[in-house]
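The values are calculated or read from the model by the stated rules, or taken from the named source; none is laboratory data. The structure displayed is predicted, hence computed values, not measured ones. Cβ placement follows ideal geometry from the backbone for every residue including glycine, while neighbour counts extend to all protein chains displayed. Surface areas here come from the heavy atoms of the whole protein model, side chains and all, with no ligands, DNA or RNA. Shrake-Rupley method; radii C 1.70, N 1.55, O 1.52, S 1.80 Å.
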Number of protein chains: 2
Amino acid sequence: MNRLPLEGKVLKENDRIALELREQYAAHGVLCLNLVSSPGSGKTSLLERTLELWPEGERVAVLTGDIQTENDAQRLRRFGFPVKQITTGGTCHLDASMIQRALEGWQLKDVDVLLVENVGNLVCPSSYDLGEAAKVVVLSVTEGEDKPLKYPSMFFKSELMVLNKIDLLPYVPFVVDKAVENAQRVHPGMEILKVSCLAGDGLTEWMGWLAARRERFRAGRGAAVV
Amino acid sequence: MNRLPLEGKVLKENDRIALELREQYAAHGVLCLNLVSSPGSGKTSLLERTLELWPEGERVAVLTGDIQTENDAQRLRRFGFPVKQITTGGTCHLDASMIQRALEGWQLKDVDVLLVENVGNLVCPSSYDLGEAAKVVVLSVTEGEDKPLKYPSMFFKSELMVLNKIDLLPYVPFVVDKAVENAQRVHPGMEILKVSCLAGDGLTEWMGWLAARRERFRAGRGAAVV
């Protein structure tokens, strides 16, 4: 981004809609998380494992964004939760108005957690607030430890980094400590979880993080909304 | 992309500069290739192997783009060829004016091949012509076979797909034939090379492709420039 004078206007309008969404989420008690990463880091795989392990009694819904194809929604629908695909048709990120349109027909009062899978892109989605409570950035160990330094805005704006594909660590020249150090450098105090969606490592911790985040959201909401 | 009326104007101006660059490359016999991919697919690693294996007597120069950091230029300088880093400071792609500025101080008559490494992003760089003779898209096997379908513009506009990290095939659920099929679906007749920059597979074929592309460029130039 940062390339057009008009960009400021577009972002301002986006922020307005994002605020509306955030207020609606607060009113209905919906924790919204915005999952971001490079293409192929494993956002959809993480969502598959998440829906598979989803705790009974908690209601989840998913919006999944892509430039083209309904593939991700098809992969995610088999778990029986509401899933909607947003096809951007060329746009490199989701924006708040796309979320607003996608939510038409859904009752937010029937949702506890809304998981939004952004378009695979480590740059532009960082500029577009979707009204989420937090961004979660997925980085896979095959991408190299330097990505937090190269895409600092995304890592700074994300509350949690899920370091995925750790089953591949024996086969790639990736130093976990270095990646953690780089993430903490652009975002001091950033939370980090090590996960393998394929082998199953770290998924208990991830589901635990989600449960704790939900609790924190509810507690905060109680305080804010009265 | 595709989201602002002003975008058309920006792209038109970009096309004007790209044309200037293309004419300069033609005048001086410089084959320019624009390497694109997701973050972490291995563009820099491919360039490292390329410079290592660079044939004597051919002159190569590299421009490497990133949002932040000079890391890639540092990795590439040790081979002794001219390398310049372009730091976009937030912009999610290289544009033709950045290339034009970066080339100031270099003599194009002293260059046979100019390799441009774009910002890691499978979306926006596809809209910005840099005056290159061809785009080369790098896809790593850890990213999934569906990427050509999800980012069709990039795969359609790239002459060659380098399928990288094939040393990891035993450890990831990636079906090469499916990826090839998807690439050919969005870009019938697309050339595809299987490579491992880590293990060295396919690098002879890659260097062979480069040599053939150079020959084709020279032959075409002879015809066009007279």
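Per-residue mean of foreign Cβ neighbours for B:143-156 is 5 (Cβ atoms of other chains, 10 Å radius). Partner aspartates and glutamates whose Cα lies under 12 Å from the Cα of B:Lys147, excluding those fewer than 8 positions away in the same chain, are identified as A:Asp66, A:Asp72, B:Glu181.
When only the heavy atoms of the protein chains count and the probe is 1.4 Å, how do A:Glu191, B:Glu145 rank by accessible area, highest first? Display every interim value, and only then the final one.
On the way: A:Glu191 70, B:Glu145 35 Å².
If we order A:Glu191, B:Glu145 from most to least accessible, we get A:Glu191, B:Glu145.
Summing both sides, the accessible surface hidden between B and A at a 1.4 Å probe radius is close to 3300 Å².
If you take every residue apart from B:Ala134 with its C-beta less than 13 Å away from the C-beta of B:Ala134, what net charge results, scoring Lys and Arg +1 and Asp and Glu -1? Present the calculation step by step, with values, prior to reporting the outcome.
On the way: positive: B:Arg22, B:Lys135, B:Lys157, B:Arg213, B:Arg214, B:Arg216; negative: B:Asp129, B:Glu132, B:Glu159, B:Glu191.
Spelling it out: positives minus negatives among the neighbours equals +2.
Per residue, the accessible area of the stretch A:1-109 comes to 42 Å² when a 1.4 Å probe rolls over the protein heavy atoms.
Annotation: A:Phe156 carries an accessible surface of approximately 120 Å², with a 1.4 Å probe and no ligand, DNA or RNA atoms counted. Counting Cβ atoms of other protein chains within 10 Å of each residue's Cβ and taking the mean over peptide A:114-120 gives 2. Quick check: net charge around A:Met161, other residues with Cβ under 15 Å of its Cβ, Lys/Arg +1 and Asp/Glu -1? Every neighbour counted, the sum reads +2.
Just to confirm a number: summing +1 for Lys and Arg and -1 for Asp and Glu over residues other than A:Leu115 whose beta-carbon lies under 10 angstrom from that of A:Leu115, what do you get? Here the charged neighbours net out to -1.
For A:Arg49, the accessible area of its heavy atoms, probed at 1.4 Å with every protein chain present, is near 50 square angstrom. Report which residues of the stretch A:162-211 become buried by 20 Å² or more of accessible surface when going from the isolated chain to the complete set of protein chains (1.4 Å probe; DNA, RNA and ligands ignored). In the stretch A:162-211, residues shielded by partner chains: A:Lys165, A:Leu168, A:Tyr171, A:Pro173, A:Leu198. Annotation for B:Arg77 and B:Ile192: the two label points, set 7 Å from Cα along the Cα-Cβ direction, are 3.9 nm apart. Inter-chain neighbour count for B:82-95: the average number of beta-carbon atoms from partner chains within 10 Å of each residue's beta-carbon is 3.
On average, how much accessible surface per residue is there in the stretch B:139-206, in Å², for a 1.4 Å probe, leaving out ligands, DNA and RNA? Intermediate values should be presented prior to the final figure.
Values: 2720 Å² over 68 residues.
It amounts to 40 Å² per residue over the stretch B:139-206.
Remark: label point of B:Glu205 defined 7 Å out from Cα along the Cα-Cβ vector; separations to the same position in other copies 3.8 nm, ascending.
Using the Cβ-Cβ distance between B:Thr69 and A:Leu19 with R0 set to 41 Å, the FRET efficiency from 1/(1 + (r/R0)^6) comes to roughly 0.80. Need the list of aspartates and glutamates near B:Lys178 for cross-linking: C-alpha distance under 14 angstrom, and skip anything on the same chain fewer than eight residues off. Within the straight-line limit of under 14 Å, B:Lys178 reaches these aspartates and glutamates: B:Glu143, B:Glu145, B:Asp146. Spin-label model, A:Ser97/B:Arg59: points 7 Å from Cα along the beta carbon direction are separated by 5.0 nm. Here chain A has 53 percent of its accessible surface on carbon and sulfur atoms, given a 1.4 Å probe and all protein chains in place. On the basis of the beta-carbon distance and an R0 of 30 Å, A:Lys178 and B:Asp201 show a calculated FRET efficiency of 0.70.
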